[in-house]
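Here is the structure we will look at.
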C-alpha cells in the first residue's frame with residue numbers, strides 16, 4: 001500500500017517508449033509523447049509533449065478516436081456516454097492547460 005505506479009484516465013494514450021514518473025496522474029483523453037519525463041499531473045483532454053506546453057485535444061477528434069478504439073473491442077459508444085464525455089470536456093477544460 002505504500003507504492004503507486006502511474007494512473008491513466010480512460011482513453012489516455014502514450015507514445016512508444018514514453019517515460020512516466022511514479023505517481024503520474026494523467027487525465028482522461030490525454031495523449032502523452034515525446035522525450036524526457038512529462039509532468040506528474042497531465043491535464044485531461046490534452047496533447048502532452050514533455051518538451052512543450054500541453055495543447056487542448058479537439059473534442060470531436062477525441063470522440064471519433066474513442067469510437068474507433070471501442071469498435072475494435074466490439075463496443076458501441078452510446079449517446080449517453082458521448083454526452084457525458086462532452087459534459088466533462090466543458091467542465092474540465094475551463095482550467096487552463
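The values are calculated or read from the model by the stated rules, or taken from the named source; none is laboratory data. Not measured: the values here are computed from a predicted model. Virtual Cβ from ideal backbone geometry, glycine too; neighbours counted across all protein chains shown.
Just one residue in the set 31, 41 is exposed (fewer than 12 other Cβ atoms within 10 Å of the Cβ), under 22 Å from residue 88 (Cα atoms) and in contact with a strand residue (DSSP E or B) (Cβ under 7 Å, 6 or more places away or on another chain); that residue is 41.
Restricted to segment 25-55, and to residues there that are within 8 Å of the chain's Cα centre (by Cα) and part of a loop (DSSP other than H, G, I, E, B), the residue that is nearest to residue 65 (Cα to Cα) is 29.
Looking only at residues of segment 59-72 that are within 14 Å of residue 31 (Cα to Cα) and touching a helix residue (DSSP H, G or I) at 6+ places or on another chain (Cβ under 9 Å), we find that the one that is surrounded by the most Cβ atoms within 10 Å (Cβ to Cβ) is 62.
Under the condition of being buried (at least 19 other Cβ atoms within 10 Å of the Cβ) and touching a helix residue (DSSP H, G or I) at 6+ places or on another chain (Cβ under 9 Å), the residues counted in segment 8-27 number 2. Of all residue pairs spaced 6 or more apart or on separate chains, those with beta-carbon atoms under 6 Å, a first member in segment 2-17 that is on the phi > 0 side of the Ramachandran plot and touching a residue at least 24 places away in the same chain (Cβ under 8 Å) and a second member that is surrounded by 13 or more Cβ atoms within 10 Å (Cβ to Cβ) and not in a loop (DSSP other than H, G, I, E, B) are 11/66. Checked against (1) more than 17 Å from residue 41 (Cβ to Cβ); (2) touching a residue at least 60 places away in the same chain (Cβ under 8 Å), residue 92 meets all criteria but (1).
For segment 73-88, the candidate set comprises residues that are assigned to a helix (DSSP H, G or I) and either under 19 Å from the mean Cα position of the chain (by Cα) or at pLDDT below 95 (or both); within that set, the residue that is surrounded by the most Cβ atoms within 10 Å (Cβ to Cβ) is 85.
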